[in-house]
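These notes concern the structure reproduced below.
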Amino acid sequence: MSTSTVSAVSAAPKKSSRRKLSTPVVLLIIAGALALVSLVRIISGAEDLTSVGQVSGALQLAIPIGLAGLGGLWAERSGVVNIGLEGMMILGTWFGAWAGYQWGPWTGVAVGILGGALGGLLHAIITVTFGVNHIVSGVAINILAVGVTRYLSNFTFDKAPGGSSKQSPRIEPITSITIPGLSDWLKDLQGKHWFFISDIAGVLGGLVTNLSLLTVVALLLIPATTWILWHTSFGLRLRSCGENPVAAESLGVNVYKYKYIAVAVSGGLAGLAGAFLAIVSTGIYQEGQTGGRGYIGLAAMIFGNWMPGGMALGAGLFGFTDSLKLRGGAENVHAMLLLLAILLVLVVIWQLYKKKYVPAVISAAASALLFAWYALTNEVPSQFVDAAPYITTLLVLALSAQRLRMPKADGMPYRKGEGT
């Protein structure tokens, strides 16, 4: 079957009235956002907002979320909703730690991917072959993963030196790299706290300082996914299964095969996210350490409109918010109140320009409350600091809901032979 034929099958969405943003415009938006953060940093005195350590920590926290989101993207582009990402991450943490402390971290990474892929394969069998509701299957896998890992821990980690029924022995770390000279120079430049320039230095410094090799691999998977799904005939066929599987099958595409491959890859990526948590982030498996990151990864994928680049931005946002509580805690989150208030002022201006007066009034009221909260307090409650990543998730999804467009056949039941 020719590539042009598959293109006809893929049932591309109707062209939107919104123009696609060019690369220079995207870079300009990023620069504007960084300048706004720099302004907030100077006003609030929260100098750690864009420090090298902050950015490095945000990247490490964003990687598991991004990998889970990438896994969700693979599954949903083939038409399978994968709510089971959390459970597949749990399997990745356990299997990665189990193999990692015995045979080394890279073996742990490979086995963690395999553990997540097995969860993905189970999800594919339940949903694709037996036609069970995708949400029900995903929730069942999440519950099953918790039970399986707890059971396995009782007669593996519990009997290992330094382990227990709820945690593994310590795992040897994966090599980290720092670019000498450049890293120190950027750190010194960031320490001068100049407007915008120091913030750029902090961001770049976080990308070249104490970077795990597995982080590099994870970052490369984003452009690799883009190339595979949007620039190969394999990816075109896979996406056609998520848009119009009946038409795809009528032209010779083995829909079941592509769905199985996509969901297995999805589970493998979620397993890699779990292995990253156990091996790189903490160096140990602990029960419950995923902390809902599979769900946040799914939210990042939705925020990114089922596209790898947008998903990566969403994961970075959630990782940055999560890292705020680790460095500066209440002070950093307090500064973010000012940032949100200013952003809402910009939203008000845009809504007035679009003549959306009711949303503009609501946004203005919310902005005024945030300004008042920031001005009348010196820090925010610790409970709010802990909840900040999850609140960010809800806000981002609420604000981006109007521009989302999921694959047309995502989550829809499909039985083999419908296209013949």
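The values are calculated or read from the model by the stated rules, or taken from the named source; none is laboratory data. Source: prediction; values computed, not measured. FYI the Cβ positions are ideal-geometry reconstructions off the backbone, even for glycines, and counts take in every protein chain you see. Surface accessibility is based on the protein's heavy atoms, side chains included, excluding ligands, DNA and RNA. Shrake-Rupley method; radii C 1.70, N 1.55, O 1.52, S 1.80 Å.
Computed values, structure above
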{"item": "Residue within region 168-177 that is out of contact with any Asp or Glu (no Cβ under 8 Å at 6 or more places or on another chain), open to solvent by 90 Å² or more (accessible area, probe 1.4 Å), over 28 Å from T215 (Cβ atoms) and part of a loop (DSSP other than H, G, I, E, B) present", "result": "no"}
{"item": "Which numbered condition N305 misses (of (1) farther than 30 Å from V146 by Cβ; (2) part of a helix (DSSP H, G or I); (3) open to solvent by 10 Å² or more (accessible area, probe 1.4 Å); (4) not charged (D, E, K, R))", "result": "(2)"}
{"item": "Hits in region 43-98 (condition: hydroxyl-bearing (S, T, Y) and touching a Lys or Arg at 6+ places or on another chain (Cβ under 6 Å))", "result": "S78"}
{"item": "Which listed residue, of L213, L221, is aliphatic (A, V, I, L, M), out of contact with any strand residue (DSSP E or B) (no Cβ under 8 Å at 6 or more places or on another chain) and under 24 Å from L277 (Cα atoms)", "result": "L221"}
{"item": "Those residues of region 185-203 which are of a type outside the set (F, W, Y) and surrounded by fewer than 18 Cβ atoms within 10 Å (Cβ to Cβ), in sequence order", "result": "D188, G191, K192, H193, I197"}
{"item": "Enumerated helices (runs of 4 or more DSSP H) restricted to region 1-78, each holding at least 3 residues that are at pLDDT 70 or above", "result": "23-44, 52-77"}
{"item": "Residue within region 264-271 that is outside any loop (DSSP other than H, G, I, E, B), touching a Phe, Trp or Tyr at 6+ places or on another chain (Cβ under 6 Å), touching a residue at least 40 places away in the same chain (Cβ under 8 Å) and within 12 Å of N82 (Cβ to Cβ) present", "result": "yes"}
{"item": "Pair list, Cβ under 8 Å, 6 or more apart: region 122-133 residue in a helix (DSSP H, G or I), other residue open to solvent by less than 60 Å² (accessible area, probe 1.4 Å) and among the basic types (K, R)", "result": "A124/K259; V128/K259"}
{"item": "Single match in W98, W106 (criterion: in contact (Cβ under 8 Å) with a residue 40 or more places away in the chain, in a helix (DSSP H, G or I) and surrounded by fewer than 20 Cβ atoms within 10 Å (Cβ to Cβ))", "result": "W106"}
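To keep it simple, each residue is scored yes or no on (1) at pLDDT 90 or above; (2) surrounded by 16 or more Cβ atoms within 10 Å (Cβ to Cβ); (3) of a type outside the set (F, W, Y).
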| position | (1), (2), (3) |
| --- | --- |
| L118 | yes, yes, yes |
| I125 | yes, no, yes |
| V128 | yes, yes, yes |
| L144 | yes, yes, yes |
| P161 | no, no, yes |
| S183 | no, yes, yes |
| G206 | no, yes, yes |
